[in-house]
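Heads up, the thing below is written out as structure tokens.
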């Protein structure tokens, strides 16, 4: 089952109460594809970097079985760069630098070999870019999921609504769901957002877990209670990567299987926050992941008898 | 299995974005005992009210099988009264009035007939009062659970630590756990608090659910996602009442059974917030409660295959 991932491949510079990094590997496309690669093969990435992007990072993708033929390398230009600093509670952060660089004029090109993809994950990007990708696919994928952010709600609402109308699963956080729906209650927010096109809505609540809605059902996955959250950067994208990777690998898009996919995404995100950047999600063994999944089982499963 | 509940029986006056009440029935002892009465019999309450407390409210307890012989009625004095106003997000509130009245000099007296209790739930009260109750029991109950609040941490830390050292289960909210432990991480907070005496710690996170810890295990129960939270007053006490009622009825204090007890408490709390005061938790049928418990099962159960 081929999975197409579209999203930024970039540099991050991160400061947390625990320390500070240099420019390290980041970007939504990076976290999504690496997280998905823990589970499934045949992952193709469409993205763009500058000629400053190191060969070692490109090799990292290949070493994880992620195809990056669709990552354009723009000579003489610089890769997308984000720098941020987390506050003591790790729930809030200040963006210190955002340099769009190559992303400013990103024209996504889906290689021929990618076009038969069955699963498509659109990372957070300009809605018109997300739309361009969908329009390059001759056959609609079995499932299209997308992430977005409040920035696009403020700057290009109509474009955003158009692409949201084209996807199956929308993945946003609680603040974004409230802004999009103008409802404080997440249940009401979900009801409204599900009228915009997507059949499924995932609302991420950070350390408070994630909710999956369709018109008739709701499922809740907790975040794993951790002693320390070291670096939340990329946790949401890692979650999305685990989610879509699980669906692609199992090729089952029932609500029940989406529950498992969300648990899998939550497990991957629980690794992500334990080290800087992608460090904690690369090279995970099946045993390590199964052990983490078992923690989720133990965390929420109960056996109450009902008549 | 007799259950002894100690806690305020009082008047509340509540304003929310949805409306405003007159003086209605409230108090921790009220919510705890009424919630527990949905499941178990043989509930005895120790508390105090003034002669302004209406007979109809006393009758309400009796009608729910709750014994109130231990509720002192102080002639010529007034019952405890709290008035509060919730903000639009329903997560924050302003206390408008707190009149301790009869609670100011509350001298709890445990009637002889209550002294063989097997389960004891100490609602939020002055720690020295909670301690007085424990000391009146000739045999230690099988399980003692207690609630408290930040106010007592600030005003009588040593008394609080003494009574915490005498109980099995401490039930507090996330802010209180952080203040008590001086740790932001709830996992670290729990580890510290469990060294103070209790074998079990429940951290309530309001709309974000509740965590149960012992030294080796952690369990998470979500709050039910609701369209509207109408009035959160008493939700925490209702949760505690459902929890202790479930344990008393099943007479099983294993960690696994505590998981069920927390789900039961969460289900009762999900009713509590849907109407003002105690209105939504009185007169619930077994069918209504089982239906609600089924929503919790559907909300979190998943079936992922692990090697």
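Read the figures in this text as sums done on the coordinates, not as results from a lab. Values in this document were obtained by computation on a predicted structure and should not be read as measured data. Methodologically, a virtual Cβ is constructed for each residue, glycine included, from the backbone with ideal geometry; neighbour enumeration extends over all protein chains shown.
Shape of the stretch B:160-244 from its Cα gyration tensor (a ≥ b ≥ c, root eigenvalues): rounded if a/c is under 1.5, otherwise prolate when a/b > b/c, or oblate? Prolate is the answer for the stretch B:160-244, as a/c is 1.5 or above and a/b outweighs b/c. Inter-label distance, residue A:142 to residue A:22: 4.3 nm, where each label sits 7 Å from its Cα along the C-beta direction. For B:86, B:151, the sequence from fewest to most other C-beta atoms within 10 Å is B:151, B:86.
Largest mean-square fluctuation among A:204, A:62, A:275, in a Gaussian network model of chain A whose springs join Cα atoms under 10 Å apart, belongs to A:62. Note on the stretch A:31-186: Kirkwood radius taken over Cα pairs, Stokes-Einstein applied at 10 °C and 1.306 mPa s, translational D equal to 92 µm² s⁻¹. In the stretch A:196-273, what percentage of the DSSP-assigned beta bridges are antiparallel, given to the nearest 5? In the stretch A:196-273, approximately 100 percent of DSSP beta bridges are antiparallel ones.
Modelled label positions at residue A:99 and residue B:214, each set 7 Å beyond Cα in the direction of Cβ, lie 5.6 nm from each other. Semi-axis lengths, largest first, of the ellipsoid equivalent to the stretch A:114-264 are 22, 19, 16 Å, with √(5λ) applied to each eigenvalue of the Cα gyration tensor. Stokes-Einstein, applied to the Kirkwood radius of the stretch A:83-151 over Cα pairs at a viscosity of 1.002 mPa s and 20 °C, places its translational diffusion at 149 µm² s⁻¹.
A Förster radius of 51 Å, combined with the Cβ-Cβ distance separating residue A:254 from residue B:109, puts the computed FRET efficiency at roughly 0.30. Can you grab the distance from the C-alpha centre of the stretch B:40-78 to the C-alpha centre of the stretch B:229-292, Å, no decimals? So the separation of the two Cα centres works out to 21 Å. Kirkwood hydrodynamic radius computed over the stretch A:236-307 comes to 13.0 Å, based on all pairs of distinct alpha carbons. Neighbour counts of C-beta atoms inside 10 Å place A:227, A:135 in the sequence A:135, A:227, starting with the fewest. Multiplying the residue separation of residue B:56 and residue B:179 by 0.36 nm and removing their Cα-Cα distance gives an extension gain of 40.3 nm. Its Kirkwood hydrodynamic radius, worked out from the mean inverse distance over all distinct Cα pairs, puts the protein assembly as shown at 25.9 Å.
Taking every C-alpha pair closer than 8 Å and separated by at least 6 residues, the mean separation divided by the residue count of the stretch A:201-294 gives a relative contact order of 26 percent. For the stretch B:128-215, the relative contact order works out to 24 percent when only alpha carbon pairs closer than 8 Å and six or more residues apart are counted.
Among B:8, A:155, the order by Cβ neighbours within 10 angstrom, fewest to most, reads A:155, B:8.
Classification of chain A by its C-alpha gyration tensor yields a rounded form. The axis ratio a/c (a ≥ b ≥ c) stays under 1.5.
Working from label points 7 Å from Cα in the Cα-to-Cβ sense, the residue B:151 to residue A:89 distance is 2.4 nm. For residue A:303 and residue A:227, a Förster radius of 45 Å and the Cβ-Cβ distance give a FRET efficiency of 0.95, rounded to the nearest 0.05. Note on chain B: GNM, Cα springs under 10 Å; of B:287, B:162, B:13, the largest mean-square fluctuation is that of B:287. Among rounded, prolate and oblate, which fits the stretch B:30-77 when a ≥ b ≥ c are the square roots of the eigenvalues of its C-alpha gyration tensor, a/c under 1.5 means rounded, and a/b larger than b/c means prolate? Judged from the Cα gyration tensor, the stretch B:30-77 comes out prolate (a/c at least 1.5, a/b above b/c).
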